[in-house]
Each structure stands twice: as structure tokens, then as C-alpha cells.
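Shown next, in C-alpha cells, is the structure this report addresses.
The values are calculated or read from the model by the stated rules, or taken from the named source; none is laboratory data. Treat the numbers as computed from the prediction; the structure is a model and nothing was measured. Cβ: placed from backbone, ideal geometry, glycine included. Neighbour counts: every protein chain shown.
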């Protein structure tokens, strides 16, 4: 089954956001300073954002581990 994803890019703010759901949620830090998770009140992953997109290089990929309540360790 296909899932719709919304992708927003703000060139002035140098910010990229990918949303898997329009549900209410909040931003949560990840181990990578450039990446934030968007989660709901139960910790389910709703999307993510990448800051300072223009500073990414072609040689080194940006890596981040996104942790959802449905796939976090018990």
C-alpha cells in the first residue's frame, strides 16, 4: 500500500522537513545535531527535519537514527 509523504524545503531557513503524517506532534532531538524527529504523544514517528541542508556534502552522507515507539527497544 502506498503512503503519501509531504516534503517541505525552506531555502531561506536552510531547512528540509519530511512528514509521514499530519497528526499533531512535537520535535525531538536526535544524536545528530542537524536532524530532529517529529513524534506524537506516544512517541510514534511522524516525520523528521534536517537543518543546514546547504552544508551537506556530496562525499559524506548525513546519518541519523530515528526511533519510533513502535520500533524502540523494550
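Listed values, structure above:
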item: Complete set of residues in the stretch 52-62 that are surrounded by 10 or more Cβ atoms within 10 Å (Cβ to Cβ) and either assigned to a loop (DSSP other than H, G, I, E, B) or at pLDDT 95 or above (or both); result: 52, 56, 62
item: Condition met for residue 49 (over 15 Å from the mean Cα position of the chain (by Cα) and either in a strand (DSSP E or B) or surrounded by fewer than 15 Cβ atoms within 10 Å (Cβ to Cβ) (or both)); result: no
item: The lone exception for residue 4 - which of (1) surrounded by 10 or more Cβ atoms within 10 Å (Cβ to Cβ); (2) more than 12 Å from the chain's Cα centre (by Cα) it fails; result: (1)
item: Sole exception among (1) part of a loop (DSSP other than H, G, I, E, B); (2) at pLDDT below 90; (3) loosely packed, with under 13 Cβ neighbours inside 10 Å for residue 32, by number; result: (3)
item: Residue in the stretch 63-71 that is touching a helix residue (DSSP H, G or I) at 6+ places or on another chain (Cβ under 7 Å), modelled with pLDDT under 95 and surrounded by 12 or more Cβ atoms within 10 Å (Cβ to Cβ) present; result: no
